[in-house]
Amino acid sequence: MRIRASVAVVSGALALSALAVPAAQADAADGNVKITKVVVDGDNKVQIGTSGAVTVKVSVTATDNSGIKGAADEFALYGPDHGFATTGKPTCTKVNATTSTCTASVKIDPRTDYLSNKSAGTWYVDAWIDAKDGDYVWKQKAGSFSFQRAAKLTANATPEPVKKGKTITVTGALTRADWESLKYGGYGAQSVKLQYSKKSTTGYTTVKTVKADSKGNLKTTVKASADGYYRFSYAGNSGTAAVNSVADFIDVK
């Protein structure tokens, strides 16, 4: 695992340091202010590839009978293997007399932030919110999200064209980002769905489930029935993003 040379955590940046993670801290509160909702990147899933910075938006909604005054200087995000990030200063927007949503963001770049592959998985949002009457709430696990290694998936159906009733072979490969080498590598032993969409229709139906080999390679066969599109679909998990391959069209004669 690679560690940032300095143990200091810079606001708006990501670092990996055992000294930075607030694991020894505890929740605290005074009064009746409550955090009611936490959303990270819209769907509580953050996908990081091997190149290019990703801006992660964090929204924390809170309520108090006196109204919300604001948030602490930053939200902290932390996960497995000492993964840790802090946002910039949150901006709070009033929803109504008692409720506000405070938002902030952090930029994560796999080329400059020392990400460990073991940091993928469930992360938490540490948030402090102040009310106008002096009440406050601090929750170390105010919300959670999946911090995921981006994935890629390919599909190739052959032969093209093919006679009706003959065998079609569909091959492909499932790979995912390796944050330590900054390359994509095979993701083996994963269950992947082969899906089919008949020409001139919308949506896909699952034909079968295929298991990738140890290097992430996929291979299966189906009988040709009608013109249509085949693709592989991977559901993902807490540490690896879901992904669909580009669909491959088969002309059935």
Open item on the list: Give me the extension gain from Asp133 to Asp109: residue separation times 0.36 nm, minus the current Cα-Cα distance, reported in nm with one decimal.
Closed with: 4.7 nm
TODO: Quick one: compute the contact order of the chain, relative version, from alpha carbon pairs under 8 angstrom and 6+ residues apart, as a percent.
DONE: 19 percent
Open item on the list: If you average the alpha carbon positions of region 64-106 and of region 153-209, how far apart do those two centres end up, in angstrom?
Closed with: 41 Å
Task: Net charge of neighbours whose Cβ lies under 10 Å from the Cβ of Lys139, counting Lys and Arg as +1 and Asp and Glu as -1 - done: 0
Open item on the list: Using a probe radius of 1.4 Å on heavy atoms only, what accessible surface per residue do you get for the chain? Whole Å² is fine.
Closed with: 48 Å²
Task: Neighbour net charge for Val210 - beta-carbon separation under 13 angstrom, K R +1, D E -1 - done: +4
Task: Spin-label proximity, Thr98 to region 121-137 - amide N less than 17 Å from point 7 Å beyond Cα toward beta carbon - done: 130-137
- [ ] For Lys152, go through the lysines and keep the ones whose alpha-carbon is under 23 Å away, minus same-chain ones fewer than eight residues off.
- [x] Lys45, Lys107, Lys118, Lys183, Lys193, Lys208, Lys211, Lys215, Lys219
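Run the numbers for Lys215 and Asn237: contour at 0.36 nm per residue of separation, minus the present Cα-Cα distance, in nm.
6.1 nm
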Open item on the list: Can you match Rg/Rh (Cα atoms, Kirkwood Rh) to one of these, (i) 1.12; (ii) 0.93; (iii) 0.95, based on a calculation from the structure here?
Closed with: (i)
Open item on the list: Can you tell me which aspartates and glutamates have their Cα less than 19 Å from the Cα of Lys139? Leave out same-chain residues fewer than eight positions away.
Closed with: Asp27, Asp30, Asp64, Asp73, Glu74, Asp126, Asp130
Task: Among 171-178, 211-218, the order from most to least packed when residues are scored by Cβ within 10 Å on average - done: 171-178, 211-218
Open item on the list: Suppose accessible area is computed on protein heavy atoms with a 1.4 Å probe; arrange Thr122, Thr205, Thr169 from highest to lowest.
Closed with: Thr205, Thr122, Thr169
Open item on the list: Ignoring ligands, DNA and RNA, please state the percent of accessible area on region 86-137 from carbon and sulfur, probe 1.4 Å.
Closed with: 49 percent
TODO: Could you work out the local net charge near Val38, counting Lys and Arg as +1, Asp and Glu as -1, over the other residues with Cβ closer than 11 Å to its Cβ?
DONE: +2
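The values are calculated or read from the model by the stated rules, or taken from the named source; none is laboratory data. All values derive from a computational prediction rather than experimental measurement. Heads up, the Cβs are rebuilt from the backbone with ideal geometry, glycines too, and the neighbour counts pull from every protein chain shown. In case anyone asks, the SASA skips ligands and DNA or RNA and just uses the protein heavy atoms, side chains included. Shrake-Rupley method; radii C 1.70, N 1.55, O 1.52, S 1.80 Å.
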